[in-house]
Amino acid sequence: MPEDNWSLILQIFWIIFFIMIFTGANQRIQMKLWSIDIRNKLNMIRRYVEEDKERVSNFMRNLGLRNPELVLKKTLDFFTIEPVTIEPTDIIKRMDHLIRTSDKSFREIVKKALPSLGRYERSLIETGLSIVSAIYMVYKVVRHYLLTGEKENNWILLMQLELLMPQILKIVTAYHKALDAFTTGKPVGDGIGPLIAYRLIEEGEVVSKRVIDETSIYEVKLANRRFFIIKAEGPGSNVGHPGRVLADLVDQLNGNVDLIITIDAALKLEGEDTGEIAEGVGAAIGDPGPEKIAIERAASKYNIPLRALIVKMGLPEAIQTMRKEIYEAGEIAVEYVKKLVDRLTSENSTIIVAGIGNTMGVPL
């Protein structure tokens, strides 16, 4: 090709380039590409919502509910408004009240629709509906920002959403896959705390059992010590109220407790191994605040050592069927607890162990 032609092509290229820069056409093209990609991922989330709605509907229909769509309609948009934080006085009390009222209201919707079902089956439906509701909320929020960005030609908003979509989709996919475990009653990774508590109960001599506020308390003789082992009442999908129950138990014992150990699952960092066990100080419990602060206040009120044991895992592993590595870590953690107790207390001591997490599939 003659040199003059190359020069002409180069001039045309630069002219087009400057026109696009000055008119903003390049940004509009980029926005369109981002919008297309976001919309494709949003459609994937919508498919998850429709699939999960159908699965939960079929589950309720198989249990005898004729019109599951009515229950879905009520629960998909169910919400809880957070308490006022600008005035911190009694915020924990207000938050606890709202959380309990929300849980009770949600459960009453299911109970009213399926009054003949047992507590175990209802708990599975409640959790299944919560999962669908969570995915649906993510779908609506992403759709809102996508439409807002397109409407206002806000390329920064679309760029931020485009960068976040892989992470959002990863979380949504994890919840989508978790529905299988929660509709079939299989133990999940988050149940490692209750599982360890259950194994400790098995190894000891049970003296007594009582259930308070959907939370089991076992008095057990183990290793020449008096154990009080707390876990959510199983085997349904239930997390109980271990913080409040533990605090009341400490008061009933007049603070005569030598050690409190909380055991829970914890999200691992990238590069860490699933099932890795770590020991620390404090209350290992992932609630919004009321349960955790109840444990902390009880321990500090009577100057009781408060130790924490965590089993690390990723989000998908925490909410999906328990993996072999997590179960095996639980067996190791049982021995870890016994060694910890032996190291920190003497014989005839009183120890409280709280296994925190969803006890689905874990009995007692």
Residue check, V110 buried (at least 18 other Cβ atoms within 10 Å of the Cβ), assigned to a helix (DSSP H, G or I) and either touching a Ser or Thr at 6+ places or on another chain (Cβ under 8 Å) or free of Cβ contacts under 8 Å to residues at least 40 places away in the same chain (or both): yes
In the range 258-287, residue nearest to the chain's Cα centre (by Cα) [restricted to those that are assigned to a loop (DSSP other than H, G, I, E, B) and surrounded by fewer than 13 Cβ atoms within 10 Å (Cβ to Cβ)]: L269
Answer yes or no as to whether I293 is of a type in the set (A, V, I, L, M, F, W, C), more than 17 Å from the chain's Cα centre (by Cα) and not in a strand (DSSP E or B). yes
Among the residues of the range 150-194 satisfying the criterion of being among the acidic types (D, E) and in contact (Cβ under 8 Å) with a residue 12 or more places away in the chain, which is nearest to E328 (Cα to Cα)? D190
Quick check on Y336: is it out of contact with any Ser or Thr (no Cβ under 6 Å at 6 or more places or on another chain) and either in the same structural domain as R94 (by TED's automatic domain parsing) or under 20 Å from A232 (Cα atoms) (or both)? no
Of everything in the range 88-121 that's more than 19 Å from the chain's Cα centre (by Cα) and acidic (D, E), which residue is nearest to F182 (Cα to Cα)? E121
Would you check if there is a residue in the range 199-208 being more than 21 Å from the chain's Cα centre (by Cα) and over 21 Å from G330 (Cα atoms)? yes
Which of the residues belonging to the range 197-238 are of a type in the set (D, E) and within 12 Å of I352 (Cα to Cα)? E219
Go through the range 327-345 and count every residue that is more than 29 Å from V188 (Cα to Cα), surrounded by fewer than 16 Cβ atoms within 10 Å (Cβ to Cβ) and in contact (Cβ under 8 Å) with a residue 24 or more places away in the chain. 2
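Conditions tested, residue by residue: (1) more than 20 Å from S133 (Cβ to Cβ); (2) of a type in the set (A, V, I, L, M); (3) surrounded by 18 or more Cβ atoms within 10 Å (Cβ to Cβ); (4) modelled with pLDDT under 95.
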position	(1), (2), (3), (4)
M20	yes, yes, no, yes
G24	yes, no, no, yes
M31	yes, yes, yes, yes
I36	yes, yes, no, yes
R47	no, no, no, no
F59	no, no, yes, yes
L63	no, yes, no, yes
R66	yes, no, no, yes
E69	no, no, no, yes
Could we say that K324 is among the basic types (K, R), buried (at least 24 other Cβ atoms within 10 Å of the Cβ) and either in contact with a strand residue (DSSP E or B) (Cβ under 8 Å, 6 or more places away or on another chain) or not assigned by TED's automatic domain parsing to the domain that holds H97 (or both) here? no
Give the residues of the range 338-364 that are within 27 Å of E121 (Cβ to Cβ) and not in a loop (DSSP other than H, G, I, E, B), sorted by residue number. A354, G355
Of all residues in the range 60-80 being part of a loop (DSSP other than H, G, I, E, B) and of a type outside the set (A, V, I, L, M, F, W, C), which is nearest to the chain's Cα centre (by Cα)? T80
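The values are calculated or read from the model by the stated rules, or taken from the named source; none is laboratory data. Everything quoted here is computed from the prediction, not taken from an experiment. Virtual Cβ from ideal backbone geometry, glycine too; neighbours counted across all protein chains shown.
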